[in-house]
1. Stretch residue 2-residue 94 to full length: gain in nm at 0.36 nm per residue minus the Cα-Cα span?
2. What does DSSP give for the chain in terms of the percent of beta bridges that are antiparallel, rounded to the nearest 5?
3. How much of the calculated P(r) for the chain lies past 43 Å, in percent of all Cα pairs?
4. Over what distance in Å are the Cα centres of the range 386-449 and the range 9-35 separated?
5. Mind computing the radius of gyration and Dmax over the alpha-carbon atoms of the range 94-201? Å is fine for both.
6. In nm, give the distance between the simple-model label positions of residue 284 and residue 155, each being 7 Å from the Cα along the Cα-to-Cβ direction.
7. I'd like the distance separating the alpha-carbon centroids of the range 77-117 and the range 204-250, in whole Å.
8. Just for the Cα atoms in the range 20-171, what are the lengths along the principal axes, largest first, rounded to whole Å?
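Read-outs: derived from the displayed coordinates by stated rules, not from any lab. For clarity, every value in this text was computed on a predicted model and none was experimentally measured. Positions of Cβ are backbone-derived with ideal geometry, glycine not excepted, and every protein chain shown enters the neighbour counts.
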Ligand SMILES: *Cc1c(COP(=O)(O)O)cnc(C)c1O
């Protein structure tokens, strides 16, 4: 089986295979890799998914992109090992479900992407006898998921940059209590500043001797595994294969891109609800056709979604025939009519988010945290405006125990601490602080030369 090729959203002429795209992270022209051709999963195969386990479905969804780069038995083993935890599809009322993506080791949906990616990277590096330095910027949950997924691997070091004032104590502790090959950096600034530092380091010729790679949602290796849970959830919510409405809490739009890949691969989808917090640059674009990043991004309680310019928009535009560069400049408009057919974009305020946490608990005894509540609120708005539909699947992307203050205030319930987080408060933290200047970051990285 020949592997799918990937091209850069900025138009670089070179096509690369999955392995190259995975290990490079970003294309040489600062674009993001996207598959040239999206493989179709036949309806007859999708019809078998209700009887298949999560790792089995993951194999069917990811394999077509890899071709012969990884043997069947190796890929199956990696996926079995990566997805060794529950993926509850929890009924809220009627055929309305919450998909709980919070049962991995860091209690966030980012474990899904990071764990598959970590295993694939390790596999390819071992083949080549090569070592890399991964730079990853996080607004909260990416950093810990990536750090845990790569923790203890011989041929990978990970530098995690996080905005020092914008992550919760528990989010920080998940990154700073590991040690070994994990190097956390608290940056004075916002997530966007952290991401800008990482992007600049990638194109800095002085650092070319470092074998740099990224593990952010810009890495294609993070994106493909995020198509899997859409297939999985749909197969559980509607074994007979009815089209589903999904609602996706969106920050950098990596999660959404996974859903859109799934849709293009043949998943029966009625609508993708794109739910953002008050960083509403995308819902505004969908209304007006004009794209304007929000700088600086707004601080909302769903802090992993405080993104004023989602990096995956370049991919989203490309998927609909448009072109956007890494600064947000649009050189070719996407097909807005086609986007509106697939997507319903909606911005949810913090006030609405809090109200939603409260009401979901009061009416249905369902505990949501701020990110999942943004999705649930977005879904309810969609159903209100466009008419009822079943089945609906709203993505819950973190464990409520990661945001205890908001949950207690809204519901009076102190969310139970999952085992994965219970020990965190006792572990010793270790990290460095840094101002937001590129020069400081560069000096820091030179230590790894
Ligand atoms: C990262 C994150 C999101 C946003 O996902 P994107 O892929 O960046 O859109 C939503 N919820 C939680 C809890 C997250 O950690």
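1. Stretched out fully, the residue 2 to residue 94 stretch lengthens by 28.8 nm.
2. Roughly 25 percent of the DSSP beta bridges within the chain come out antiparallel.
3. Cα-Cα pairs in the chain separated by more than 43 Å: 6 percent.
4. If we compute the Cα centre of each part, the gap is 29 Å.
5. Spelled out, the Cα radius of gyration and Dmax of the range 94-201 are 14.8, 53 Å.
6. Spacing of the two 7 Å Cα→Cβ label points: 4.6 nm.
7. Using only Cα atoms, the two centres lie 12 Å from each other.
8. 43, 41, 30
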